[in-house]
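Q: The structure is given below, and queries will be raised subsequently.
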Amino acid sequence: MESYTQLYLFEFLVLSLSSHLWRQNNGPIKLVCDDNFYEFVKDNQLFWMWDEIDNTTLKKLPQDIDYKIFWTYPKMFIQSQQKERFAIIDADAYTVLDLKDLKEDIIYGHEEKDIWQATYPNLYEIPEIGKLFKGLNPTLEHNAINTCLVVYNNLDIIKEVTEITDKFIKSPYLDFSHPNSSWMYTIYCEQKVLGNIVKDKGYTYRSLTPYPYNCDASNAPYDILPQSGIQHLWVNKQRLKNDYNTRLIFTRDFIRYIEEEYNFLFVQLYPYLNKFKV
């Protein structure tokens, strides 16, 4: 199990602001976590950050899945257990947007235009895999949906994604030799198949950004999320962890930002500023 005693201060700050802004703009927020993170919350007396904490759902996770490969499946499993409309936001993302009255079947931060045959492999060309995507365009031509922030008003979408995913992750025909295998297979259904289900099955949808993120890094429009009222550490999180000077500057600037813009939250966070590694 991961130790949360090594949580960086910048991670803690982003998580705190994410929860604060969601509650402020969209209503109650629930944390779903494992027992390890629950102990971290209890040890640091952080119950004030959420309206509810669920540390039981993840105890129901299937045991016959390789979570070293499919490490985002727990998030998908949590979604599959919901019984009414809900939103989900990653711990490294936050938004100033009011989303609670949007009516589309699905609302999301942005799509991802993947590089043909590079970001995702053409798994549909494997007959045994392709048949799992029955009812979708054979080439899965539509953009992936980044799932850092998603509102599900129609739970039928979750049911369709889960049905495919549960078969996909247990398929003996997957080839993990692809150079992006460390992350690609775990989000193939979560993001790529999701985008194609939404478009091919006629669900109503809304992207909160005007155009997709281009996975070709040389042309990536990094400003699309901030301009739309969303911030996501995303790939920058690893860079912050690896580069002390960059992390220090970011952390100091972020503390100043919270103090100036969200002083009430800053007062709550102040006792914790020396508890986490900078």
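Q: Being in contact with a strand residue (DSSP E or B) (Cβ under 9 Å, 6 or more places away or on another chain) and either among the aromatic types (Phe, Trp, Tyr) or farther than 13 Å from Tyr108 by Cα (or both) is the filter here; which residues of the stretch 200-213 pass it?
A: Within the stretch 200-213, Tyr203, Tyr205, Tyr211, Tyr213 qualify.
Q: Hey, any hits in the stretch 215-231 for a residue that's in contact with a Pro (Cβ under 9 Å, 6 or more places away or on another chain), outside any helix (DSSP H, G or I) and within 30 Å of Leu155 (Cβ to Cβ)?
A: Scanning the stretch 215-231, I find at least one residue that is in contact with a Pro (Cβ under 9 Å, 6 or more places away or on another chain), outside any helix (DSSP H, G or I) and within 30 Å of Leu155 (Cβ to Cβ), so the answer is yes.
Q: When residues of the stretch 49-100 are filtered for being among the basic types (Lys, Arg), farther than 21 Å from Met184 by Cα and part of a loop (DSSP other than H, G, I, E, B), how many remain?
A: Number satisfying all stated conditions: 3.
Q: Would you say Asp156 is out of contact with any helix residue (DSSP H, G or I) (no Cβ under 6 Å at 6 or more places or on another chain), acidic (Asp, Glu) and surrounded by 14 or more Cβ atoms within 10 Å (Cβ to Cβ)?
A: no
Q: OK, next. Count, please, the residues in the stretch 190-213 that happen to be buried (at least 16 other Cβ atoms within 10 Å of the Cβ) and outside any helix (DSSP H, G or I).
A: Selection size over the stretch 190-213: 7.
Q: Return yes when Gly202 is under 16 Å from the mean Cα position of the chain (by Cα), farther than 27 Å from Trp50 by Cα and either at pLDDT below 90 or not polar (S, T, N, Q) (or both) and no when it is not. It would help to see each step written out before you state the result.
A: On the way: under 16 Å from the mean Cα position of the chain (by Cα): no; farther than 27 Å from Trp50 by Cα: yes; either at pLDDT below 90 or not polar (S, T, N, Q) (or both): yes.
Judged against the criteria, Gly202 is not a match.
Q: List every residue pair whose Cβ atoms sit under 8 Å apart, with the two residues 6 or more apart in sequence or on different chains, where the first one lies in the stretch 28-50 and is without any contact (Cβ under 8 Å) to a residue 12 or more places away in the chain and the second, anywhere, is in a helix (DSSP H, G or I) and among the aliphatic types (A, V, I, L, M).
A: The qualifying pairs are Phe47/Val41.
Q: For the stretch 93-102, which residues satisfy the criterion of being in contact (Cβ under 8 Å) with a residue 60 or more places away in the chain and not β-branched (Val, Ile, Thr)?
A: Applying the first criterion (in contact (Cβ under 8 Å) with a residue 60 or more places away in the chain) to the stretch 93-102 yields 93-100, 102.
Scanning the stretch 93-102 gives Ala93, Tyr94, Leu97, Asp98, Leu99, Lys100, Leu102.
Q: Kindly establish whether Val41 is touching an Asp or Glu at 6+ places or on another chain (Cβ under 7 Å) and either assigned to a helix (DSSP H, G or I) or crowded, with 16+ Cβ neighbours inside 10 Å (or both).
A: For Val41, the condition - touching an Asp or Glu at 6+ places or on another chain (Cβ under 7 Å) and either assigned to a helix (DSSP H, G or I) or crowded, with 16+ Cβ neighbours inside 10 Å (or both) - is not met.
Q: In this structure, is Glu141 charged (D, E, K, R), within 13 Å of Asn196 (Cβ to Cβ) and in a loop (DSSP other than H, G, I, E, B)?
A: Spelling it out, Glu141 is indeed charged (D, E, K, R), within 13 Å of Asn196 (Cβ to Cβ) and in a loop (DSSP other than H, G, I, E, B).
Q: Contact list please: Cβ distance under 9 Å, first residue in the stretch 181-193 and at pLDDT 90 or above, second residue among the basic types (Lys, Arg), pairs at least six apart or on different chains.
A: Glu190/Lys75
Q: May I pose another question? Read through the list (1) surrounded by 14 or more Cβ atoms within 10 Å (Cβ to Cβ); (2) under 27 Å from Tyr73 (Cβ atoms), then give the number of the only condition that Ser228 fails.
A: (2)
Q: Within the stretch 56-65, can one find any residue that is surrounded by 14 or more Cβ atoms within 10 Å (Cβ to Cβ), within 26 Å of Val161 (Cα to Cα) and at pLDDT below 95?
A: Scanning the stretch 56-65, I find at least one residue that is surrounded by 14 or more Cβ atoms within 10 Å (Cβ to Cβ), within 26 Å of Val161 (Cα to Cα) and at pLDDT below 95, so the answer is yes.
Q: With closer than 20 Å to Phe86 by Cβ, of a type in the set (A, V, I, L, M) and surrounded by fewer than 17 Cβ atoms within 10 Å (Cβ to Cβ) as the only criterion, which of Leu102, Leu149 stands out?
A: The match here is Leu102.
The values are calculated or read from the model by the stated rules, or taken from the named source; none is laboratory data. Small disclaimer: the values here were computed from a predicted structure and weren't measured. Using ideal geometry, Cβ is built from the backbone for each residue, glycine included, and neighbour counts are taken over all protein chains shown.
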